[in-house]
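This report refers to the structure that appears directly beneath it.
The values are calculated or read from the model by the stated rules, or taken from the named source; none is laboratory data. Note that this is a predicted model, so its numbers are computed, not measured. Cβ placement follows ideal geometry from the backbone for every residue including glycine, while neighbour counts extend to all protein chains displayed. Calculation scope for accessible area: heavy atoms of the full protein, side chains included, ligands and nucleic acids excluded. Shrake-Rupley method; radii C 1.70, N 1.55, O 1.52, S 1.80 Å.
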Amino acid sequence: MQNDMKEDSSVGAVADTVQAAANPLAVRLGFQAGEVVQELGWDEDCDEELRQAIMDTIGADLVDVDFEGVVDAVVLWHRTDDGDLVDNLVDALTSLADGGPIWLLTPKAGRPGHVEPSDIGEAAPTAGLSATSSISAGPDWSGTRLVSPKAGGKLAKSTVRAKADSTEN
């Protein structure tokens with residue numbers, strides 16, 4: 001019986017390795033096993049392969065807007081007709097742990113619902129966020145990683161204050 005357990009644990013280890021290798025995009029997005037990830041803005045046009053890759057990587061289902069705990073990351077699907085981007089970003093911050101990223105997923109150029117990068121560039125700081133990277137998140141979706149500058153701690157705050165002081169003078 002103990003041999004059976006050894007075989008099962010080694011098979012599990014191999015399966016975990018294969019699973020991570022099979023979902024390189026989810027890993028590149030920074031998702032890790034055991035994380036709680038909230039999904040907002042889901043609709044039928046969302047990339048199901050990406051969603052499944054994230055769930056496979058974290059080892060759980062994505063939680064929705066009704067989740068009452070703290071989440072490690074947020075996946076926000078947003079299209080031009082989904083309302084105000086700033087409001088949706090602020091809503092995404094509600095359950096997000098300090099330092100956790102929001103992955104803003106928007107349709108690529110030429111796809112219905114495309115959001116201009118300049119719109120993201122204006123909305124993010126208004127919501128108290130900074131864009132740190134962008135990625136092709138599938139055939140039809142682009143991803144922008146947004147984080148709170150507060151995640152950088154006192155240094156980030158002092159840098160913001162110094163910049164604000166220098167522009168006022």
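Once you list every other residue whose beta carbon is under 12 Å from the beta carbon of GLY30, what net charge do they have if Lys and Arg are +1 and Asp and Glu are -1?
Working: positive: ARG28, ARG145; negative: GLU35, ASP72.
Once positives and negatives cancel, what remains is 0.
Can you give the local net charge around THR106? Use residues other than it whose beta-carbon is closer than 13 angstrom to its beta-carbon, Lys and Arg +1, Asp and Glu -1.
Working: positive: ARG79, LYS108, ARG111, ARG145; negative: ASP43, ASP45, ASP47, ASP81, ASP82, GLU116, ASP119, ASP140.
Net charge around THR106: -4.
SER118 versus THR94, label points 7 Å from Cα toward the beta carbon: distance in nm?
3.2
Using a ≥ b ≥ c from the Cα gyration tensor of the stretch 44-123 (square roots of the eigenvalues), is it rounded, prolate or oblate, where a/c under 1.5 gives rounded and otherwise the larger of a/b and b/c decides, a/b for prolate?
Numbers: a/c = 2.06, a/b = 1.28, b/c = 1.61.
Oblate, because a/c is 1.5 or more while a/b does not exceed b/c.
What accessible surface, in Å², does a 1.4 Å probe find on ARG111, ignoring ligands, DNA and RNA and rounding to the nearest 10?
Using a 1.4 Å probe on the heavy atoms, I get roughly 80 Å².
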